[in-house]
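Participant: One structure is given below, represented as structure tokens, and several questions about it will come after.
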Amino acid sequence: MYAFMKHLLLVTAFAALIAGCTPARAADETAAALTAEAARILDEFPAADGAYNAAAEKLRQALALDPAYAKAYVQVCRLQVTGGPEFGRLFAGVAAGSAQRAIFKAIELDPGNGNAWVLRAHLLVDMHRLADAKLALIEAAKLGADSSWLAFNWAEVYEEEGNLAAAAEKYREVVGNPAAKKAALSHALQQLTVYYVARHDWERAEQMFRDAVAINPAATWLRTRYADALLRHGQFSAAILRARETLQIKDYAAARHVLAIALYGRWANAVVKDENREHARPAYDEAHALLPDLKAVAVEANQNAETRIITEALIQEGLVARIEVFRRPN
């Protein structure tokens with residue numbers, strides 16, 4: 001009888017131990033699984049419809065199970081950076097109602113998470129706190145951060161400092177990383193596209209643009225940005241081509257604007273350089289139909305050295321009075 005009771009007490013004690021430990025361990029594992037699923041959703045690029053809401057729900061569940069799970073707060077920060085600050089209201093109850101608060105919480109709970117420091121650096125760059133951003137990136141590297149955004153954020157720091165060559169080198173580092181996330185790769189390619197346009201390296205700019213489009217073929221803003229960069233560097237025909245391509249995908253107001261200015265540029269070249277004006281007239285007519293406010297066109301074009309020829313042509317043809325463009329504000 002004594003032996004049986006002893007055995008029963010041991011079994012009961014063991015059962016109690018399991019009962020006391022299993023829920024916590026299961027909660028941790030479930031929070032980790034939910035957070036990993038949210039991270040996978042946020043890694044998708046371009047984001048599918050409803051992706052941010054799905055990730056938010058996963059993270060809400062994870063933090064309900066384990067409010068001290070540091071990696072969940074990293075993803076909450078990512079969600080608010082990419083999906084928008086409105087998602088913060090879902091996490092106000094766990095002191096993560098903004099991207100800043102979320103990353104502070106992540107680092108407070110796990111200061112050794114290098115990728116959390118990468119995100120912290122990104123937020124600091126956005127606030128133009130470059131010295132602090134550098135310190136955060138150095139800390140991230142010390143901790144072994146493997147995020148492809150580490151090099152990207154260094155590029156942004158250098159860009160803010162005006163060191164475009166150093167920034168381009170870091171963007172190339174992202175592009176050359178086979179493990180780079182699609183979003184980081186896409187953004188790095190876009191930045192390199194603009195960089196090479198500014199250097200008038202048209203061939204490399206075109207290649208970067210094509211590589212970026214291959215990742216996100218339907219991105220109208222990507223095509224429009226390239227068209228605008230070409231326009232600002234006097235490549236009117238190339239800008240017209242890219243703006244038209246964009247408008248074939250979607251009626252995008254920014255693309256229509258770029259197209260109009262570029263068409264005015266094509267016309268202005270013929271007027272100022274005394275080339276075949278009649279041949280250029282259709283460009284003017286189309287541009288005017290898209291953007292008829294000639295004073296506004298002249299003022300905008302005058303802000304950039306490569307598009308100033310449009311202002312010159314409009315004044316030369318008597319379509320805009322010089323005083324309207326160069327009048328000093330009261």
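Participant: Say we join alpha carbon atoms closer than 10 Å with springs in a Gaussian network model of the chain; which of THR35, THR224, THR82 then has the biggest fluctuation?
Facilitator: Looking only at THR35, THR224, THR82, the largest GNM fluctuation is found for THR82.
Participant: Rounded to the nearest 500 deg cm²/dmol, what is the calculated helix-only ellipticity per residue at 222 nm for the chain, with -39500 (n - 2.57) per DSSP H run of length n ≥ 4?
Facilitator: Values: 17 runs with 247 residues, N = 330.
My calculation for the chain gives -24500 deg cm²/dmol from helical runs alone.
Participant: Same structure, new question: Against the longest alpha carbon principal axis of the chain, how many degrees, from 0 to 90 and to the nearest 10, is the axis of helix 99-109 turned?
Facilitator: 30 degrees
Participant: On a 0 to 90 degree scale, rounded to 10, what angle separates helix 51-65 from the longest Cα axis of the chain?
Facilitator: For 51-65 against the chain, the angle is about 20 degrees.
Participant: Give me ILE323, ILE103, ILE261, ILE215 ranked fewest to most by other Cβ atoms within 10 Å of their Cβ, as a rough exposure proxy.
Facilitator: Numbers: ILE323 8, ILE103 29, ILE261 26, ILE215 17.
Fewest to most other Cβ atoms nearby, the residues stand as ILE323, ILE215, ILE261, ILE103.
Participant: Taking 0.36 nm per intervening residue step and subtracting the Cα-Cα distance, what contour gain separates ALA64 from ASN163 on full extension?
Facilitator: On the way: separation 99, 0.36 × 99 = 35.64 nm, distance 4.46 nm.
Value of the extension gain: 31.2 nm.
Participant: Across segment 128-138, in residue order, what do the Karplus-derived ³J(HN,Hα) couplings come to in whole Hz, using 6.51 cos²θ - 1.76 cosθ + 1.60 with θ = phi - 60° and x for Gly and Pro?
Facilitator: So the Karplus estimates, Gly and Pro as x, are 6, 9, 5, 4, 5, 4, 4, 4, 5, 5, 5 Hz.
Participant: With viscosity set to 1.002 mPa s and temperature to 20 °C, compute the Stokes-Einstein D of segment 143-217, Rh being the Kirkwood radius across alpha carbon pairs; µm²/s, no decimals.
Facilitator: Details: Rh = 12.3 Å.
In µm²/s, the coefficient is 174.
Participant: What is the distance in Å between the Cα centres of segment 276-330 and segment 146-160?
Facilitator: With segment 276-330 and segment 146-160 each reduced to a Cα centre, they are spaced 39 Å.
Participant: Mind checking which lysines have their Cα closer than 22 Å to the Cα of LYS273? Skip sequence neighbours fewer than 8 apart in that chain.
Facilitator: The qualifying lysines are LYS295.
Participant: Identify which of ALA151, ALA238, ALA116 has the largest mean-square fluctuation in a Gaussian network model of the chain, with springs joining Cα atoms closer than 10 Å.
Facilitator: Taking springs between Cα atoms under 10 Å, the residue moving most is ALA238.
Participant: Sticking with this structure for a sec: Pop out the Kirkwood hydrodynamic radius of segment 218-330 from its pairwise C-alpha distances, inverse of mean 1/r, in Å to one decimal. Provide the component values of the computation, followed by the final result.
Facilitator: Numbers: mean 1/r = 0.0714 Å⁻¹.
Kirkwood hydrodynamic radius for segment 218-330: 14.0 Å.
Participant: Could you work out the local net charge near ALA155, counting Lys and Arg as +1, Asp and Glu as -1, over the other residues with Cβ closer than 12 Å to its Cβ?
Facilitator: On the way: positive: LYS170, ARG172; negative: GLU156, GLU159, GLU160, GLU161, GLU169, GLU173.
Value of the local net charge: -4.
Participant: If you don't mind, there's one more thing I want to ask. Which whole-percent values make up P(r) of the chain when all C-alpha to C-alpha distances are grouped in 10 Å steps starting at zero?
Facilitator: All Cα pairs considered, the percentages come to 6, 19, 22, 19, 15, 9, 4, 2, 2, 1, 0, 0.
Participant: Within segment 48-73, what residues put their amide N at less than 13 Å from the label point 7 Å along the Cα-to-Cβ vector of ALA32?
Facilitator: 69-72
Participant: Let me ask you something else. For helix 277-290, what angle does its Cα long axis make with the longest principal axis of the chain, in degrees from 0 to 90 and rounded to 10?
Facilitator: In the chain, helix 277-290 runs at an angle near 40 degrees to the longest axis.
Participant: I would also like to ask the following. Mind scanning LYS71/LYS142; LYS58/LYS170; LYS58/LYS181; LYS71/LYS181 and naming the pairs with a C-alpha gap bigger than 23 Å?
Facilitator: Working: LYS71/LYS142 18 Å; LYS58/LYS170 33 Å; LYS58/LYS181 21 Å; LYS71/LYS181 18 Å.
Result: LYS58/LYS170 exceed 23 Å.
Participant: Count charges around ALA280 for me, please; just the other residues with Cβ under 13 Å from its Cβ, Lys/Arg as +1, Asp/Glu as -1.
Facilitator: Working: positive: ARG266, LYS273, ARG277, ARG281; negative: ASP274, GLU275, GLU278, ASP285, GLU286, GLU317.
Net charge in that neighbourhood comes out at -2.
Participant: Give me, ordered by chain and number, the residues 5 or more places off ASN177 or on other chains with an amide H under 5 Å from its own placed amide H.
Facilitator: For ASN177, no residues qualify.
Each value in this text was obtained by applying a stated rule to the coordinates, not by laboratory testing. This structure is a prediction, so every number in the text was calculated from the model and none was measured. Using ideal geometry, Cβ is built from the backbone for each residue, glycine included, and neighbour counts are taken over all protein chains shown.
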